[in-house]
Amino acid sequence: MAEITIVDKQTIKIGVSLKDAIKMVTEASRDIPLYAFDIITIYEKMPVFEYTYFCFYAYDSATLFEYMLDIDPKQYNSFSLDAPDSFFYALYGGMAALYEQAKQFHPVAIEE
Amino acid sequence: MSNITVTVNATEYPPQLKHKVIFQTYNQLKPSEAMLLVNDHDPVPLRFQFESMHPNEFTWEYLEQGPDMFQVKISKF
């Protein structure tokens, strides 16, 4: 489970693990139409960020991320994410598996 | 040498707005102008996004590189 440390009103520190990526993949597979945009965006854009530097807010694909956290990071202007490489690679693999199905529900191409 | 014409302090914006504000600001720069980005961590993901969206159109120069404050001069060719 993600470790959330609220430093102050503006600052939050988030620590995640491989299990949190599995939680995101499981949730995405439970409702592919709902998460289609996130699935497509994460799969298509994560390589741009060399996988482990991916930012969920770069392309507004943070719904799954926020589901996993159980909190809303948007309330904090400063947040840091401590995640092992395994988190990103597991998430990428999961999104890859769901990608073709997700495209059926969200066929619009993602902006650059 | 590009002149900095505008500063974006990313710590003043919530996460879902940071990238939008930064790219909107960059897009409004004229050629040879630059923006100063201030952040509380190294904006490496943002640099990857810049390279994807604006390949060969900008330079990225650290004016301050941590540990608590990062300032990056982003210049438009």
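The values are calculated or read from the model by the stated rules, or taken from the named source; none is laboratory data. Here the structure is a predicted model, which is why all the values come from computation and not from measurement. Please note: Cβ atoms are built from the backbone with ideal geometry, for glycine as well, and neighbour counts cover all protein chains shown. Areas reflect the complete protein model, heavy atoms only, side chains present, ligands, DNA and RNA absent. Shrake-Rupley method; radii C 1.70, N 1.55, O 1.52, S 1.80 Å.
Annotation for the stretch A:40-70: GluC sites (Glu not before Pro) lying in DSSP loop with at most 13 further Cβ atoms inside 10 Å of their Cβ are A:E50.
Can you list the GluC sites (Glu not before Pro) in the stretch B:23-77 that are in a DSSP coil and have 13 or fewer other beta carbons within 10 angstrom? Let's see the in-between values first.
Numbers: sites: B:E33, B:E51, B:E57, B:E61, B:E64; in loops: B:E57.
Listed in order of number, the matching sites are B:E57.
A simple spin-label model places pseudo-atoms 7 Å from Cα toward Cβ; at A:E50 and B:Y62 they are separated by 1.3 nm. List the residues of the stretch B:28-50 whose accessible area drops by at least 50 Å² when all protein chains are present, compared with their chain alone, using a 1.4 Å probe and counting only protein heavy atoms. The answer is B:P45, B:F48, B:Q49 - residues whose exposure falls by at least 50 Å² when every protein chain is included. Relative to one another, the C-alpha centroids of the stretch B:1-15 and the stretch B:45-77 are positioned 11 Å apart.
Close amide H pairs (under 5 Å, H built 1.01 Å from N) link A:I12 with A:V7, A:S78, A:F79, A:S80, residues at least 5 positions away or on another chain.
Please identify every one of the trypsin sites (Lys or Arg not before Pro) in the stretch A:1-102 that sits in a loop by DSSP and has no more than 11 other beta carbons within 10 Å of its own beta carbon. Present the calculation step by step, with values, prior to reporting the outcome.
On the way: sites: A:K9, A:K13, A:K19, A:K23, A:R30, A:K45, A:K74; in loops: A:K9.
Passing both the DSSP loop test and the Cβ count: A:K9.
Here the stretch A:22-39 is scanned for amide nitrogen atoms under 14 Å from the site 7 Å beyond the Cα of A:D70 along Cα-to-Cβ, giving A:23-24.
Count the DSSP beta bridges whose two residues both fall in chain B, then state the antiparallel fraction as a percent rounded to the nearest 5. Once the DSSP bridges in chain B are tallied, antiparallel ones form about 70 percent. Of the DSSP H helices in chain A, not one has a Cα length along its own long axis of 27 Å or more together with a mean Kyte-Doolittle hydropathy reaching 0.5.
What is the diffusion coefficient of the stretch A:1-60 in µm²/s, taking the Kirkwood radius over Cα pairs and the Stokes-Einstein relation at 10 °C with a viscosity of 1.306 mPa s? Write down the numbers at each step before the final one.
Working: Rh = 13.1 Å.
Using the Kirkwood radius from Cα pairs, D works out to 121 µm²/s.
Secondary structure note: in chain A, about 45% of the DSSP beta bridges are antiparallel.
What is the antiparallel percent of DSSP beta bridges lying wholly in the protein assembly as shown, to the nearest 5?
Here the share of antiparallel DSSP bridges comes out near 60 percent.
Between A:K103 and A:D82, the simple label model (points 7 Å from Cα in the Cβ direction) yields a spacing of 3.9 nm. Here the stretch A:45-111 yields Rg over Rh of 0.96, to two decimals, using C-alpha coordinates and the Kirkwood radius. The A and B chains share an interface that buries close to 1400 Å² of accessible area, total over both sides, probe 1.4 Å. Once both axes come from the Cα atoms, what is the angle between helix B:44-53 and the longest principal axis of chain B, in degrees from 0 to 90, rounded to 10? In chain B, helix B:44-53 runs at an angle near 30 degrees to the longest axis. Note on chain A: helix-only mean residue ellipticity at 222 nm, from DSSP H runs of 4+ residues weighted -39500 (n - 2.57) and normalised by residue number, equals -15000 deg cm²/dmol.
Average partner chain C-beta neighbours within 10 Å, per residue of A:8-14? Intermediate results must be reported in sequence, preceding the final value.
Values: counts 0, 0, 4, 2, 1, 0, 0.
So the per-residue partner count for this stretch is 1.
Only one residue of B:Y13, B:Y26, B:M69 has its Cα farthest out toward the positive end of the dipole of chain B, where Lys and Arg carry +1 and Asp and Glu -1 on Cβ, and that residue is B:Y26. Only Cα pairs under 8 Å and 6+ residues apart enter the sum, and on that basis the relative contact order of chain A stands at 41 percent.
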